Amino acid sequence: MNPTIAYDEYVLHTANRSLTLLHGQGATVFDDKNRPYLDFGTGIAVSCLGHDHPALAEVYARQSRRLIHCSNLYRNEHAGALAERLVGLLGPGKIFYSNSGAEANEGLIKAARLFGKDRGAFEIVCTKDSFHGRTMATLSATGQEKVQAGFAPLVPGFVHVPYNDLEAVRAAITPRTAAVLIEGIQGESGILPADPEYLLGLRALTREKNVLLFIDAIQCGHFRTGAYQSFQRILGERAAEFRPDGLSMAKSLGGGFPIGAFWLDERLAPLFTVGSHNTTYGGSPLGTAVAGAVLDVIEREGLAANVRARGEELLSGLRALQGKHGGLVAGVRGFGALVGLQLAAEPAQAMPHFLEAGLLVVPAGNKTVRYLPPYNVTAAEVADALARTDAALAKLAAAA
Ligand code: PLP
């Protein structure tokens, strides 16, 4: 059977799928008609080294012949070294490996429960318009009714306050509160960054109240903003004043391999003991070898600097297009390879025009389309994406 027909016949219809993608090279992917698309979606902020990267192909081949899986009943040769590097980037503590972002957040939620259990504290203060995943606990943590619709009763213990509103968090903290969980930049709701004062204020407030501060860095972390973490990019020189108590990661961590992780500060790491948490696949030799190779390439090729430079070109180019197509574009936001173009209309109307222009971008909330290019994107590819955006916006204007 034709792959498109088989997919639509037998795979649950949980997304509107317009393309069947077969292969990719660098920042370009090809569909089943061999039509190329410039990939500024990277599989929702995942394929951070683009497609068919030789260093990743090599490590997949080598490790798959050596040992793909052994469960975490045993150590393997890559998971410890990767954890050491992540701890080196984040601060003293420990890593737990999961297979997805939602599972990484589940780990943080369980850490909050363990932290608060002796004093009856279990609530987590989350924010409106956040996105933390699709499992029952993480959709309950998510501050969006459309994600929760139909799944009541939700997991108890989550309260939601407006993002970037420190006083709302202060008012929501009670003796039942164990943690505060925020995204450094809200991604799914349209690339909304935390204010520097909000981050620093949350750090001081949670310390004062003996409540944990967790960052969901699944979309905005791992160099997507051009710094290792979004809060480092947002805080700049003041970043040393801010370290969360726990952080979740996935997406770019594996560059396409499904691996997630959470980091816990050294004070919290002993909360988990033998038997309290586990997963069959997490931290496999293959997954951690690939994630290690992703980090190697980012460091060796200076990709954080490339993300910052290309991000400036993308932001300034999109702002120029905002000037040109004034009525269609409401705003341009973001950092590095996490940029949002806010439209006046719903992105659903614009998406066909982006596709026709041969550009993959990802719709988000707040009428925003996301530009999530690979970290090794070139200046020429950014210019190409801007030209295609210009064409898509012109078509959108003509259709209005
Ligand atoms: N948290 C954030 C901020 C995300 O953007 C996502 C996915 O988009 C998730 C959690 C869930 O990750 P996953 O889809 O890997 O479960």
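With each pseudo-label sitting 7 Å past Cα toward Cβ, what's the Arg17-Ala394 distance in nm, one decimal?
So the label points at Arg17 and Ala394 sit 3.3 nm apart.
Taking a 21 Å limit on the Cα-Cα distance, which of the listed pairs Lys324/Lys395; Lys94/Lys209; Lys110/Lys146; Lys209/Lys251; Lys94/Lys251 fall beyond it?
Table pairs above 21 Å Cα-Cα are Lys94/Lys209; Lys110/Lys146; Lys209/Lys251.
Determine the calculated [θ] at 222 nm for the chain from helices alone, applying -39500 (n - 2.57) to every DSSP H run no shorter than 4 residues and normalising by the residue count; nearest 500 deg cm²/dmol.
The helix contribution divided over the chain gives -12000 deg cm²/dmol.
Checking a compactness column here: for segment 159-212, what do you get for Rg(Cα) / (2.2 N^0.38 Å), N being the number of residues?
Its radius of gyration relative to the 2.2 N^0.38 Å reference: 1.10.
Starting from the alpha-carbon convex hull of segment 80-161, give the projected area averaged over all orientations, in nm².
The Cα convex hull of segment 80-161, projected and averaged over all directions, gives 6.6 nm².
State whether segment 200-262 is rounded, prolate or oblate according to the following rule on the C-alpha gyration tensor (a ≥ b ≥ c being the square roots of its eigenvalues): a/c under 1.5 gives rounded; otherwise a/b larger than b/c gives prolate, and the remaining case gives oblate.
Because a/c hits 1.5 or more and a/b fails to exceed b/c, segment 200-262 counts as oblate.
Near Lys33, which aspartates and glutamates are there with a Cα under 16 Å away, not counting those fewer than 8 places off in the same chain?
Glu356
With the Cα gyration tensor of segment 114-227 giving a ≥ b ≥ c as the square roots of its eigenvalues, does the rule (a/c under 1.5 for rounded; else a/b larger than b/c for prolate; else oblate) give rounded, prolate or oblate?
Since a/c reaches 1.5 but b/c is at least a/b, the shape of segment 114-227 is classed as oblate.
Full-extension gain between Glu197 and Thr273, please, as 0.36 nm times their residue separation minus the C-alpha to C-alpha distance.
Computed gain between Glu197 and Thr273 is 23.8 nm.
In 20 Å bins starting at zero, report the fraction of Cα pairs in the chain per bin as a rounded %.
Calculated over all Cα pairs of the chain, the distribution is 27, 59, 14, 0 percent.
Which of the three applies to segment 253-354, rounded, prolate or oblate, going by the alpha-carbon gyration tensor with a ≥ b ≥ c and a/c under 1.5 meaning rounded?
Note, shape of segment 253-354 comes out prolate.
Where the centre of each part is set by its Cα atoms, how far does segment 109-188 sit from segment 10-78, in angstrom?
Value for the Cα centre distance between the two parts: 31 Å.
What is the packing order of peptides 328-341, 275-288, 163-176, taking the mean over residues of other C-beta atoms within 10 Å and listing the highest first?
328-341, 275-288, 163-176
In debye to the nearest 20, how big a dipole does the chain give about its Cα centre with +1 on each Lys and Arg Cβ and -1 on each Asp and Glu Cβ?
Its charge dipole is roughly 440 debye.
Quick note: the coordinates plus some simple rules give every number you see, no bench work behind them. Just so you know, these numbers come straight off a predicted model, no measurement behind them. All Cβ positions, even for glycine, are placed from backbone atoms using ideal geometry, and neighbour counts span all protein chains on display.
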